[in-house]
Each structure stands twice: as C-alpha cells, then as structure tokens.
Amino acid sequence: MGKKWWTEPTLNLVAAAAQLSSFTHVEVAIGSDSGANGEMSNVCRIFNDDTGCELTARTGRNPQYSYLQLGCSKKQELKMLHFARSCVGKPFSGTAMARSIIWPRKTDNSNFFCAELVAAVLKEGGLLDPISNPGAATPQSLHELYKSRATTTANPYILR
C-alpha cells in the first residue's frame, strides 16, 4: 500500500487492516525466463475483476513493490507452471479473501484470492508445506514465511 492508500480498493484496505500490514496483494513469477525487455514472465496473479487467474508478464518498475526470490529445482518450476496454467481463467473469490484471517476455507482450486493462488502454486511446487491450507494465506503471512528464505529481497527494476 502506497502513500495514496485511499486509492486502494475497499477490500484491500480491509484486508491490510485485518492483517495489520501494508501488504494488499501478492503474485508469483514462476521461473527465471524474462521477456524481450527484461520483464518477469509467467507471473501468476488474480485481481477482483472479470479476468480471473492469469499468466502474464510484469516489468517490476514500481518501487513500492517488494520482491522475494526463492530458489527451486527445474522440476518444481515445471510443476508450478503446469498448475498455474490449469488455473488460468478461474474466478476471484472476495468471500474467501474476507474469510482468510478469521475463518479460512479449505482451498478447492475452483476460485481464488491472490494469496490463496500464490500459496496453492507454491504448495504444488513443494515450496509450501503439503499440509498447509492456501485458503489461510495472506500477503503478510507469505511475506513473513519467505522473507528469511529468499535468495534476493529487492525490486529487480531498481537493481538494474
């Protein structure tokens, strides 16, 4: 959440307040392939819109964003990418997002909110405990879990 916090969607503000955090969103870039202009590719994300889950590219140019780079094997990368591709088009669930802190649902992979999607991708790749429930994930909890395990914790655009 940036300096203009009031421009955030209401659901994001409520989620950030409930988790006592300034984190309002999370995405995962799978693999180290980059686009023609150096952007991160295979970014799995979902917003509260009609697009649903998608795989896209991101520039990483926003200096407000925090990035954590996790290491994994090629096999894990391919498993996560296969799973992410199977999620493309699945809808956003505001109800699941609202419940995530107080009464998390059991993830069934039919719809997602951002942290649940990222946690499900990481779980599929073996980077999240197999008994964990992605429906209980929040942007803050994922950041806390992985910040000390990350190989790099910086904005790639600023590093360039």
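Here are the numbers:
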| quantity | calculated |
| --- | --- |
| Prolate/oblate/rounded call for region 51-145, Cα gyration tensor, a/c under 1.5 rounded | rounded |
| Those Cys residues of the chain for which no other cysteine Cβ falls under 4.7 Å | C44, C72, C114 |
| For the chain: relative contact order, % (alpha-carbon pairs under 8 angstrom, 6 or more apart) | 26 percent |
| Global geometry of the chain, whether rounded, prolate or oblate, following the gyration tensor of its Cα atoms and the 1.5 cut on a/c | rounded |
| Selection from L145, A29, P91 lying farthest towards where the dipole of the chain points positive, charges on Cβ | L145 |
| FRET efficiency estimate (nearest 0.05) - Cβ-Cβ, A36 to A98, R0 35 angstrom | 0.35 |
| Sequence-distant aspartates and glutamates (8 or more away, or on other chains) whose Cα lies within less than 14 Å of K90 | D49, D50, E54, D108, E116 |
| Rough spin-label spacing in nm, given labels placed 7 Å along Cα→Cβ, for L70 and N48 | 2.5 nm |
| Links that overshoot a 32 Å alpha carbon limit, given the list K4/K79; K4/K75; K79/K147 | K4/K79; K4/K75 |
| Projected label distance in nm at S132 and K106, using a 7 Å step from Cα toward the beta-carbon | 1.9 nm |
| Accessible area of the chain belonging to carbon and sulfur atoms, whole % at 1.4 Å probe | 54 percent |
| Formal net charge of residues neighbouring S110 (Cβ-Cβ distance under 12 Å; K, R +1; D, E -1) | +1 |
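The values are calculated or read from the model by the stated rules, or taken from the named source; none is laboratory data. Predicted model only: the values in this text are computed from it and were never measured. Every residue, glycine as well, gets a Cβ built from its backbone with ideal geometry; the counts of neighbours run over all protein chains shown. These accessible areas exclude ligands, DNA and RNA; they are computed on the full protein's heavy atoms, side chains included. Shrake-Rupley method; radii C 1.70, N 1.55, O 1.52, S 1.80 Å.
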